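Input: a single structure, listed below in structure tokens.
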Amino acid sequence: MKYAFVIGSNAFIVPGNAISYGDQGYGKQFLRINSIYHDLPQSEEQTYLDIDLDIKDTDGTQVIILGNKPATGAPYSIERERNSIRVLRFDKSLIIQVHQLDDESAMSLEHNITAELEVQAPVVVIRISGEFMVDSLHIRAENEKLFINDNGYATSAMVGKNDLRFTSAGVVL
């Protein structure tokens, strides 16, 4: 199964359901999609986007979520919907949002991204936004760009045969 991760104005289509970080053979997952939301009739048991997450906010506070639930007593809150998980500081500022796009929203992205989505046919499109730390990497995902430390990425659609990995040198597929 292929997963599409939309971060900033970039789409990364990969065979795995996780994003990791690390250099030179070292890699550790910081986001894992455990299950995705399916729009089912009301009579059936409802499904939800379910994630594991291991990041830090920009102040260095550890944010660990297992199965959509906080694993630490850190000063943050989690807002859950069927297709979205938002992690907020207590002042309600966003640390990270992981949002499963519906088909209509996914196909309204930029043309170069929708063209790859049509060809690659991922099982799900996940949009990630926010500003957070992963090890020593400062990740900032805005509507228009993805920044990893000082490296900026905009308006690209990349397909990889390996899992998505963030490194000090940038994005590796």
* Using only Cα atoms, figure out Rg for the chain and give it as a multiple of 2.2 N^0.38 Å. => 0.99
* Taking θ as phi - 60°, what are the ³J(HN,Hα) couplings along the stretch 127-138 by the Karplus curve (6.51, -1.76, 1.60), each to the nearest whole Hz, with x for Gly and Pro? -> 9, 10, 9, x, 9, 7, 10, 10, 6, 9, 8, 9
* Structure fact -> For residue 95, the residues 5 or more places away or on another chain with a placed amide H closer than 5 Å to its own amide H are 87, 88, 89
* Taking 7 Å along the Cα-to-C-beta vector as the label spot, tell me the residue 93-residue 121 distance in nanometres, rounded to one decimal. => 4.5
* Please calculate the 1.4 Å probe accessible area of residue 32, with all protein chains present, and give it to the nearest 10 Å². => 90
* For residue 71, which sequence-distant residues (separation of 5 or more, or a different chain) have an amide H within less than 5 Å of its own amide H, given hydrogens modelled in the peptide plane? -> 64, 65, 66
* To do: Might you work out the accessible area of residue 124 for me, using a 1.4 Å probe with all protein chains in place, and round it to the nearest 10 Å²?
  => 10
* Enumerate the calculated ³J(HN,Hα) couplings along the stretch 46-57 in order (Karplus 6.51 cos²θ - 1.76 cosθ + 1.60, θ = phi - 60°), each rounded to whole Hz, writing x wherever the residue is Gly or Pro. => 6, 10, 9, 5, 10, 10, 10, 9, 9, 9, 10, 6
* To do: Leaving ligands, DNA and RNA out of it, report the carbon-plus-sulfur percent of the accessible area of the chain at a 1.4 Å probe.
  => 46
* Work out the count of Lys pairs in the chain where the Cα-Cα distance is under 23 Å, with the pair 8 or more places apart or on different chains. => 11
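The values are calculated or read from the model by the stated rules, or taken from the named source; none is laboratory data. For clarity, every value in this text was computed on a predicted model and none was experimentally measured. All Cβ positions, glycine included, derive from the backbone under ideal geometry; neighbour counts span all protein chains shown. For the accessible areas, the whole protein counts, side chains as well, though only heavy atoms, and no ligand, DNA or RNA atoms are used. Shrake-Rupley method; radii C 1.70, N 1.55, O 1.52, S 1.80 Å.
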